[in-house]
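Have a look at the structure below before the remarks.
The values are calculated or read from the model by the stated rules, or taken from the named source; none is laboratory data. Keep in mind it's a predicted model, so treat the numbers as computed, not measured. When the accessible area is computed, the model is the full protein with side chains, heavy atoms only, and any ligands, DNA or RNA have been set aside. Shrake-Rupley method; radii C 1.70, N 1.55, O 1.52, S 1.80 Å.
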Amino acid sequence: MCTNQNGRRMKTTLLVVGRTVEQHYITAINDYIQRTKRFITFDMEVIPELKNTKSLSMDLQKEKEGELILKALQPGDVIVLLDEHGKEMRSLEFAEYMKRKMNTVNKRLVFIIGGPYGFSEEVYKRSDARLSLSRMTFSHQIVRAIFAEQIYRAFTILNNEPYHHE
């Protein structure tokens with residue numbers, strides 16, 4: 001079990017807009033979340049997707065999703081946006097990043113995957129960091145599975161388990 005400098009287990013949350021609909025992604029996400037719970041408290045929270053978005057402009061949709069995202073956050077949360085313009089890291093670098101966060105985050109480390117148009121300006125302002133999984137574009141559904149796997153991989157690296165190969 002991994003604890004921070006205060007002896008507390010860091011809580012890590014993956015916050016997503018809209019539910020995962022395809023069963024194979026749901027299965028993969030749940031599998032990696034369960035595996036990761038050996039190391040840290042890790043869960044996924046879903047913000048319901050907006051209804052009747054056809055009449056909303058892209059900016060208005062981002063703004064409304066942003067309000068829901070901000071409502072889901074707690075004081076003291078450290079916020080990392082999964083964003084195409086974020087910093088790219090190799091898996092080993094991400095493992096070290098998670099190790100540093102475990103020593104500095106006292107409440108929750110929250111990774112956020114936004115809606116189809118990205119994040120509102122208010123969410124960008126509230127964030128502490130931005131992380132990109134790739135320069136390629138992925139569906140929001142598959143990014144959830146990829147990121148859950150990378151969290152698991154990071155902790156297997158930190159615990160010298162044979163999951164990751166150089």
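Annotations for the structure displayed:
- Computed from Cα atoms, the angle from the helix 91-104 axis to the main principal axis of the chain rounds to 90 degrees.
- All aspartates and glutamates inside 19 Å of Lys51 as judged from Cα atoms, apart from same-chain residues fewer than 8 positions distant: Asp59, Glu63, Glu65, Glu67
- Straight-distance crosslink candidates among aspartates and glutamates, where the alpha carbon sits under 17 Å from Lys62 and sequence neighbours closer than 8 are dropped: Glu49, Asp83, Glu84, Glu121, Glu122
- Length added when fully stretched, Arg90-Lys37, from 0.36 nm per residue minus Cα-Cα: 16.9 nm
- Relative contact order (%) - criterion: Cα under 8 Å, at least six apart; region: region 50-166: 36 percent
- Accessible surface ranking that places the most exposed of Leu14, Leu82 first, with a 1.4 angstrom probe: Leu82, Leu14
- Residue order by solvent-accessible surface for Asp59, Asp83, Asp43 is Asp59, Asp43, Asp83, largest first, with ligands and nucleic acids left out and a 1.4 Å probe.
- Using just its DSSP H runs of length 4 or more, each adding -39500 (n - 2.57), the chain gives a mean residue ellipticity at 222 nm of -13000 deg cm²/dmol after division by all residues.
- Accessible surface of the chain [probe 1.4 Å, protein heavy atoms]: carbon and sulfur percent: 49 percent
- Region 78-153: C-alpha gyration tensor shape, a/c 1.5 cut-off, then a/b vs b/c: oblate
- Accessible area (Å², per residue) of the chain, counting only protein heavy atoms and a probe of 1.4 Å: 56 Å²
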